[in-house]
Each structure stands twice: as C-alpha cells, then as structure tokens.
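Chemist: Here it is: the structure, laid out below.
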Amino acid sequence: MSWLLPLVWLAAAPASTAPPPMTPEVRSLVERMQAFYEKTADFTADFRQDYAYKTFGRTVTSTGTVAFQKPAKMRWEYLTPSKRTFVLSGDKIYALDPDAQTLTKASLPQSQLSASVTFLWGRGKLADEFQIQRADCKECTGQLLSLIPKKPDPRFQEIRLEIDPKTAQVVRSVVVDPDGSENSIRYSNLKTNVRLSKETFTLTPPPGTQILDTTVPRAP
C-alpha cells in the first residue's frame, strides 16, 4: 500500500510500563512541545519531503501543503512532482491519485495510532511509547530529539523530531525505516488556530474517478 507513504509512522507499537528516565532538558522540551499542541486547535504548513531509499541509493523529493485539526484530521496535498491528496478523517483514510483517476478509501481505527502523531492533536504521551534523547545535528536550526520505540516495531526503527526551541513546534520529522531508508519532512510557513473549514478534510473526486473502497467486505 505505497499510497500510505506519508502515514507510515501512524501505527502504534506496544508501550512499556516502565518509561526510562529522560534528562531534565529533554523532558522540559517534550513537555513544552506537547503543551503547545494541546492548546492548538488546528494548524497548516508547507512541506518538503525527501525520501532517501537506502537500497537504491536515491532520494525522491516532493512538496506540498499539510493541515491538521482536532480531533484526528489531517490532509496532505502533494503538488510536486505529481499531484496527490491524502486525507485522514476519524478512522478513515482517503487517497486521491488524479493521474490514475482513483480514490482509495481504507480504515484506520484511532486506537492504532501512535503517540508520535496523536500528540499533534493534544493526545497521547510520547514518553509512554518511546525512549527519547537529545541528538546531535549540525545542520539543524532547532533542537533534535531521537525517539526509539520501547518495543521493536517492524515498520520503523527510529523517529527524529526537530523542535523550534522558541515555539516548541515540530519543524522537521524523520522516520527511519527498518532497512535504513529515511523519510524526512520539513515544515515551513506554519500557521496555528486558523479555523479550518470542514471541507478541508473532505475529498470530491473529479468525474470518471474509480472508487476503491477497502472498507466494504467483498462478496464471497
């Protein structure tokens, strides 16, 4: 399901009952970051995604816009190199590919979402699921945190979050796949509490679009 590329970090790994200690500096930054998103109703941003495939030794770059809104709504609008739209609304994901003229609908129960994304809606605690440490980063403008799942997850081995120390917003996220490939997304032009309309998180496919609804059981 390659159309779920921007959402590969959503699924949760089982949490440990004994979170390891964080340094006071890291704990303070994590708490400020979570507090920021707890009081943020919605936000929008431009993004640049660089997906570095380790096996093939190449990087694919995409750009577009993203919107988040409580509770549990996201929209990823890819503009380059090709137009695609991904919407998460409640427990459903929609993927529109205009070139292929397809709209795919799938289920994703909110109970399966990781704290690595639910904290953006003010829910979930990162320290419950991840070992969090400060990481070195010469090219970073903010502070970089390394998040390692407390229980091994077959979908990724690490998440890195670059945090603006002034606002406590996430300005870059990196998901490291099990094979070492890296999905890096940098955010810019961040705007919060812009009162997004409900239409932001709906998809109206153009005429002739094939609807692929995986939420409907197939007839035997």
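The values are calculated or read from the model by the stated rules, or taken from the named source; none is laboratory data. Note that the structure is predicted; figures quoted are calculated from it, not measured. A quick note on method: Cβ atoms are made from the backbone with ideal geometry, for glycine too, and the neighbour counts reach across all protein chains shown.
Chemist: Given the condition of a type outside the set (D, E, K, R), more than 24 Å from Thr59 (Cα to Cα) and assigned to a loop (DSSP other than H, G, I, E, B), answer yes or no: does some residue in the range 134-149 qualify?
Modeler: No, the range 134-149 contains no residue that is of a type outside the set (D, E, K, R), more than 24 Å from Thr59 (Cα to Cα) and assigned to a loop (DSSP other than H, G, I, E, B).
Chemist: Follow-up. If only one of Val117, Val87 is under 17 Å from the mean Cα position of the chain (by Cα) and modelled with pLDDT of 90 or more, which one is it?
Modeler: Values: Val117 fails: modelled with pLDDT of 90 or more.
Of Val117, Val87, the one residue that is under 17 Å from the mean Cα position of the chain (by Cα) and modelled with pLDDT of 90 or more is Val87.
Chemist: Follow-up question, since we're still on this one. Could you tell me which residue of the range 183-209 is surrounded by the most Cβ atoms within 10 Å (Cβ to Cβ), considering only residues that are within 29 Å of Thr141 (Cα to Cα) and among the charged types (D, E, K, R)? Write out each step before concluding.
Modeler: Within the range 183-209, the first condition is being within 29 Å of Thr141 (Cα to Cα), and the residues that meet it are 183-196.
Now restrict to residues that are among the charged types (D, E, K, R): 186, 191, 195.
On the way: Arg186: 16, Lys191: 11, Arg195: 7.
Going through the qualifying residues, I end up with Arg186.
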